[in-house]
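Scroll down for the structure; my scribbles are underneath it.
The values are calculated or read from the model by the stated rules, or taken from the named source; none is laboratory data. The structure displayed is predicted, hence computed values, not measured ones. With ideal geometry, Cβ positions are generated from the backbone for all residues, glycine too; neighbour counts draw on all protein chains shown.
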Amino acid sequence: MAGTASNMIQRTSIIISVFSTSPGIGKTVIAINLAAGLANEGYKVCLADLDLQFGDVLNYLKLNSSNTVAGAQRAYLDNPENFRIENFLTEYRIGKLEFSILPAPRFIYDAYQTDVQILTSIIKQMDYYDFIILDLNSMFSSLNLAMLDMSTIINYIGVIDFLPALKNYKIGYDTLLRFEYEESKIRLIENRADSQKLIEGKDVERLLGEPFYHRFPNDFPAVNKSINAGQPLMFAAPDSRLTESFYNLVGRYTNRQSTVKPEIKSNGGLFSTITKGIGKFFGF
Ligand SMILES: Nc1ncnc2c1ncn2[C@@H]1O[C@H](COP(=O)(O)OP(=O)(O)O)[C@@H](O)[C@H]1O
Ligand SMILES: [Mg+2]
């Protein structure tokens with residue numbers, strides 16, 4: 001089963017997938033801001049846009065690149081021995097912050113050529129990154145299952161505002177549980193948690209039998225500023241509640257001890273010294 005297969009992968013990166021059963025609920029916003037937050041704390045981060053048909057990472061960051069996962073896959077197929085993933089990555093830089101991106105294909109038809117085994121090998125080749133963030137789409141496809149299998153952590157995102165959303169969130173969670181991932185690997189995350197809705201978060205927790213690991217507030221002005229500027233929230237809306245919420249989640253993933261916010265790297269100011277080492281990470 002899935003748990004057994006993932007144990008066989010010799011990885012040195014922490015792979016964090018961002019997954020949901022519904023589209024349009026904040027996976028890409030979350031993936032980008034996790035990548036930026038981890039990079040801001042000194043980690044080497046790659047964000048892979050694996051929403052192969054409708055990937056938004058480059059758009060949300062106002063980047064352009066013809067190097068995509070489609071080209072990477074073709075190059076791997078042509079010559080696996082000489083394949084170097086570095087040649088297909090795009091760097092996002094703002095101030096002193098930097099992370100790499102593996103962009104989604106530019107054309108929808110390229111998404112049909114997906115070879116799950118090749119993509120798995122490509123992601124494995126990125127093991128020189130401290131963190132690999134996988135921005136997935138909302139299907140239990142063979143690609144997503146392979147990626148969830150490889151993941152150290154699955155962030156399972158929901159915006160649970162009315163009954164059909166609750167039903168889909170529960171079905172998705174039950175399906176993930178059926179794959180027998182270690183319990184701690186699946187993290188329930190509620191997005192737009194404080195928006196007006198017909199269903200309370202605590203009722204969702206009661207139904208699922210599991211508390212939310214994290215809740216992001218609804219903050220449309222901050223997200224809007226971020227997407228309009230093509231910048232992560234910490235730059236476009238540094239004082240927003242959503243930015244603070246990302247800071248807190250990143251801190252849990254890095255086992256950050258300090259409760260004092262480091263200055264954002266673009267300010268060229270204080271930057272906390274990071275003790276690296278996977279054994280030091282919290283919770284996995
Ligand atoms: N916490 C939030 N507060 C307010 N709006 C949000 C929040 N998260 C996401 N959104 C909105 O939802 C839209 C879809 O988000 P996106 O990350 O593209 O979803 P997905 O990747 O799941 O399809 C964003 O353009 C933004 O307008
Ligand atoms: Mg998306």
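Working only within segment 39-75, note down all residues that are within 16 Å of ligand 2 (Cβ to nearest atom), in contact with a Pro (Cβ under 6 Å, 6 or more places away or on another chain) and closer than 12 Å to SER100 by Cβ.
Of everything in segment 39-75, just one residue is within 16 Å of ligand 2 (Cβ to nearest atom), in contact with a Pro (Cβ under 6 Å, 6 or more places away or on another chain) and closer than 12 Å to SER100 by Cβ, namely ASP49.
Being closer than 30 Å to LEU242 by Cβ, within 16 Å of ligand 1 (Cβ to nearest atom) and within 19 Å of the chain's Cα centre (by Cα) narrows it down to one residue among SER138, SER100; which is it?
Exactly one of SER138, SER100 is closer than 30 Å to LEU242 by Cβ, within 16 Å of ligand 1 (Cβ to nearest atom) and within 19 Å of the chain's Cα centre (by Cα), namely SER138.
When the residues of segment 219-230 are filtered to those that are out of contact with any Pro (no Cβ under 9 Å at 6 or more places or on another chain) and crowded, with 18+ Cβ neighbours inside 10 Å, which remaining residue is nearest to LYS202 (Cα to Cα)?
The extreme case among them is ASP219.
Which residue, of ASN155, ASN144, ASN137, is at pLDDT 95 or above, within 19 Å of LYS185 (Cα to Cα) and in a loop (DSSP other than H, G, I, E, B)?
Result: ASN137 is the single residue among ASN155, ASN144, ASN137 that is at pLDDT 95 or above, within 19 Å of LYS185 (Cα to Cα) and in a loop (DSSP other than H, G, I, E, B).
Applying the selection to segment 60-96, what residues are surrounded by fewer than 19 Cβ atoms within 10 Å (Cβ to Cβ) and touching a residue at least 60 places away in the same chain (Cβ under 8 Å)?
Passing the criteria: LYS62, LEU63, GLY95, LYS96.
Would you call PRO211 in a loop (DSSP other than H, G, I, E, B), away from ligand 2 (no atom under 16 Å from the Cβ) and under 28 Å from LEU61 (Cβ atoms)?
no
Mind checking which pairs have a first residue in segment 23-48 that is farther than 12 Å from TYR253 by Cβ and touching a residue at least 24 places away in the same chain (Cβ under 8 Å) and a second that is near ligand 2 (Cβ under 9 Å from one of its atoms) and assigned to a helix (DSSP H, G or I), Cβ under 8 Å, 6 or more apart or different chains?
Note: pairs meeting the criteria are THR28/VAL57; THR28/TYR60; VAL29/TYR60; ALA31/VAL57; ILE32/VAL57; ILE32/TYR60; LEU47/ALA31; LEU47/VAL57.
If a residue has to be of a type in the set (A, V, I, L, M, F, W, C) and more than 18 Å from PHE54 (Cα to Cα) to count, how many in segment 90-128 make the cut?
Looking only at that region, the number is 7.
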